[in-house]
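For reference, the structure is listed below as structure tokens.
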Amino acid sequence: MLRRFALPFLLLMMVSVLPALAGENKGATFTLDCTGFTGTAGEIMLNRDNTGAGREAFIVSATDGAGKTIYAPVTDQFFVGGTISWVDGGRIGWTSAPEFNPLTLRIVSRAGNEQGESLILLATGECANLPHVSAMPDEFFRVEEGRLVAPNGASAPAGTTSQTVPLNTAPPRPTNPDAVSQVLAGYLLVNTDNLSIRTGPAPSFTLVAVVDGGTELIPLGRTADFTWWYVQAGDVVGWATAEFLLARGDLRAVPVVPERGQVAPPTFITFSETVLFSGPGDQTLPFCTLPANVEYLVVGRDARSDWFEIQATCDNAVVDGWVFNEQGALRNPAGSFIEVTTGG
């Protein structure tokens, strides 16, 4: 029996392993039904020190389809290098009766010692006598038959996102109601500060919003390999990387959605006040002086990329002019080809 852990079917044995990044599921499986759960096979290896004391702390909990806690979270810890295995047939009852399917059991490695929370295992099951929570509430976007359907009934092809944030504009910071986790079969929890929401599933796509850590995102779709999620936050729809999201509940019904994003164009950001010239050289006619810390669209370059041609506003008129590369920084996350627009 695992000390201080009220699960009589758990056995611990120490093995010689090197510490790794997080607790690792080594074939552990469970069955979940109307009255409780059973460990059936496999083990979990404890291999990260999230306590600062050479131990890995973890939490076992379970919820029903409406997000109700049906197995009150139980926390324990053991030495890094240990494994947890299950005696076949050992059974634990729910601490509260489930009301909706699906039933979800989670084993999570706790945050601590400068490490974030990490999901080790997620198992699901159903109770034949309970209804299934699956319908998206009317106030949320939803994906149906390849279409993104808004709460007002308007629709667009699935994969359509909110508009790109214009250059030099603060991105919106949308939030969702606190009740998201209570009304959906599954949701996504933001596990970092300032998570970017983009028009497509890659950092090369343009930005539509930024969300704070702890935000509960509504899953509308995903990529085939589960590396990016198509999500809703407030009235914003876009893509978020799975790297900084924690999956909660049952996400099996979330469909694969095609990308329709806008690739971020190359831009140039000024480090300080910078003279905009009419050509690629400081001997050409100056148009105006540009302010510091402003981002401009790049439309060309010289052959050596010493000078970049950008779009800027001088004296209330939009002009194409040239800046020296050492006066700022080129941003080109998509690696787009920048055409040589002069023979210089």
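Readers should treat all values here as calculations from the given coordinates under stated rules, not as data from a laboratory. Quick caveat: nothing in here was measured; it's all calculated off a predicted structure. No Cβ is skipped: glycine too gets one built from the backbone with ideal geometry, and neighbour counts run over all protein chains shown.
Taking 4.7 Å between beta carbons as the limit, the chain has no unpaired Cys residues. For the chain, the mean residue ellipticity at 222 nm estimated from helices alone is 0 deg cm²/dmol, where every DSSP H run of n ≥ 4 contributes -39500 (n - 2.57) and the total is divided by all residues, rounded to the nearest 500.
Between residue 117 and 111, the built amide H atoms are under 5 Å apart, and every one of these is 5 or more places off in sequence or on another chain. When a/c reaches 1.5 or more, the comparison of a/b and b/c decides; with that in mind, is the range 196-257 rounded, prolate or oblate per its Cα gyration tensor? Taking the square roots of the gyration eigenvalues as a ≥ b ≥ c, the range 196-257 is oblate. Put a plus charge on the Cβ of each Lys and Arg, a minus charge on the Cβ of each Asp and Glu, and nothing anywhere else: the dipole of the chain about its Cα centre is then about 980 debye. If you sort the three axes of the alpha carbon gyration tensor as a ≥ b ≥ c, you get a/c under 1.5 for the range 142-249, which makes it rounded. Here's how it looks for residue 314: its modeled amide H is under 5 Å from those of 319, which are all 5 or more places away or on a different chain.
If we count GluC sites (Glu not before Pro) as exposed when they sit in a DSSP loop and have at most 12 other beta carbons within 10 Å, what is the longest stretch of the chain that avoids them all? It works out to 146-272.
Diffusion coefficient (Stokes-Einstein, Kirkwood radius over C-alpha pairs, 10 °C, 1.306 mPa s) for the range 267-331: 141 µm²/s, rounded to a whole number. Dipole size of the range 142-249 about its Cα centre, with +1 on Lys/Arg Cβ and -1 on Asp/Glu Cβ: approximately 160 debye, rounded to the nearest 20. Among the chymotrypsin sites (Phe, Trp or Tyr not before Pro) in the range 257-316, those located in a DSSP loop and surrounded by at most 14 other Cβ atoms within 10 Å of their own Cβ are 271. Sites listed here are trypsin sites (Lys or Arg not before Pro) in the range 169-259 whose DSSP assignment is loop and whose Cβ has at most 15 other Cβ atoms within 10 Å: 252. As I understand it, the dipole of the range 108-198 uses +1 on the Cβ of Lys and Arg and -1 on the Cβ of Asp and Glu, about the Cα centre. Which of 165, 122, 188 lies farthest toward its positive end? Result: 165, furthest along the dipole toward the positive end.
For the chain, the equivalent ellipsoid derived from the Cα gyration tensor has semi-axes of 50, 25, 15 Å, listed largest first.
Here the label points at residue 170 and residue 29, each 7 Å from Cα along the C-beta direction, are separated by 5.3 nm in the simple model.
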